[in-house]
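Contents: one structure, followed by commentary.
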Amino acid sequence: MKNFENLGINARLTKGLAELDIIVPTDIQKKVIPVLLAKKTDIVAQAQTGTGKTAAFGLPLLEQIDPNIAAVQGLILCPTRELAKQVAKQLFKFIKYSDKVFIEAVYGGEKMDRQIAALQRPTQIIVATPGRLIDLLEKKAVDLKKVKTVVLDEADEMLSMGFQKELDEILSFLPSIDNKWLFSATIPHGIQQIISKHLSKDALKIEVKKEDVVNKNISHQYLVCDESEKLNALLSFLKSQHKNRGVVFCKTKAATQKLAKQLIAKNISTDAIHGDLLQKERDKVMRAFKNETLRILVATDVSARGIDVSGLTFVAHYQLPENAEYYTHRSGRTARAGKEGVSMCFVNNAEAKTLKEYERKLGIKFSKIKKVG
């Protein structure tokens, strides 16, 4: 059985990982880490959320950083502020027993002056959303001249959020870089363009197959009901879960707000997160959810990126997502760290056909539930 030291990660980092209960490398980590440690290289790694990709690129990046050089040496680009914060936090946890490496997350929705002040301190790794990084570059508040490695995390999501121009600009601004590591769940045309334009022709391609990704500990279930019955069906499901905690997904901001109000009216401790929340409002909701003041979080797909809360027993799909990839992202919020979880879909007859498509695409099996509870 391979452990992280076998892959080439130093003992102090491995000790930090062990404390986080990260002992056995995942498939993507086994494939990527030795390659990134071995030499300067460009890679394209295709892997979904929940496969352990933060450690796959984060550990080799931390191994490269010289803590004695007080300059930015690594840059990680993320689509959302939530993911940027989560990645920075995870890297910080990895280095508990290592030489001090300073990591700063910069993203929109936060006062820029505060971030500029934080960057005055010696910073070796910056985790950033593309828009905010460009704002800081324009203000000459950040110096990327010493950057040796750039990581594009969830690159397809950055494109779908309209960041292609910013990515082009940032990558063009970093011509003499040693390593470009691109991680993406899918490789659409726009990503292919970025690969062709900015990565070396012999960039290594690594893929984690779908069947290695889908968590075997998740029980996928569905209940067929009309729109008018849906709320009661969800309430019955939540009741059957007793005090268990989970995330309920909707497609739109309006739907998340409406559903959260309906659940609160039924005395279920609930709040919603969606794109219109200010950062401080969002942080307040996430704090309440993490410290278990809230039992249920109602979320949209994009706002749920970067949610990493342990001990969630279920995910409920009040509205089905746009595509199968999003279904994987959503259901991956439960059954973490070897635990079991339920992914429950509330669908009408037409949507039940979409679940057949998910079965085929994702290699999973749905059980039809006649009645909840």
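The values are calculated or read from the model by the stated rules, or taken from the named source; none is laboratory data. Values in this document were obtained by computation on a predicted structure and should not be read as measured data. A quick note on method: Cβ atoms are made from the backbone with ideal geometry, for glycine too, and the neighbour counts reach across all protein chains shown.
Between A272, A254, A233, A304, the distinction of being under 29 Å from K111 (Cβ atoms), part of a helix (DSSP H, G or I) and small (G, A, S) belongs to A254 only.
For the stretch 174-229, the set of residues classified as farther than 20 Å from G58 by Cα, modelled with pLDDT under 85 and not in a loop (DSSP other than H, G, I, E, B) consists of K210, E211, D212, listed by residue number. Candidates K280, K239, K261, K284: the one that is more than 19 Å from the chain's Cα centre (by Cα), touching a residue at least 60 places away in the same chain (Cβ under 8 Å) and assigned to a helix (DSSP H, G or I) is K239.
The residues of the stretch 307-330 that are in contact with a Gly (Cβ under 9 Å, 6 or more places away or on another chain), assigned to a loop (DSSP other than H, G, I, E, B) and under 12 Å from V248 (Cβ atoms) amount to a single one, L312.
Residue-wise test of (1) in contact with a helix residue (DSSP H, G or I) (Cβ under 8 Å, 6 or more places away or on another chain); (2) among the basic types (K, R); (3) within 19 Å of D168 (Cβ to Cβ).
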{"residue": "I76", "(1), (2), (3)": "yes, no, yes"}
{"residue": "V87", "(1), (2), (3)": "yes, no, no"}
{"residue": "I95", "(1), (2), (3)": "yes, no, no"}
{"residue": "A105", "(1), (2), (3)": "yes, no, no"}
{"residue": "P122", "(1), (2), (3)": "no, no, no"}
{"residue": "T129", "(1), (2), (3)": "yes, no, yes"}
{"residue": "I134", "(1), (2), (3)": "yes, no, yes"}
{"residue": "K148", "(1), (2), (3)": "yes, yes, no"}
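Only residues that are surrounded by 14 or more Cβ atoms within 10 Å (Cβ to Cβ) and out of contact with any Asp or Glu (no Cβ under 7 Å at 6 or more places or on another chain) were counted across the stretch 277-286, and they come to 4.
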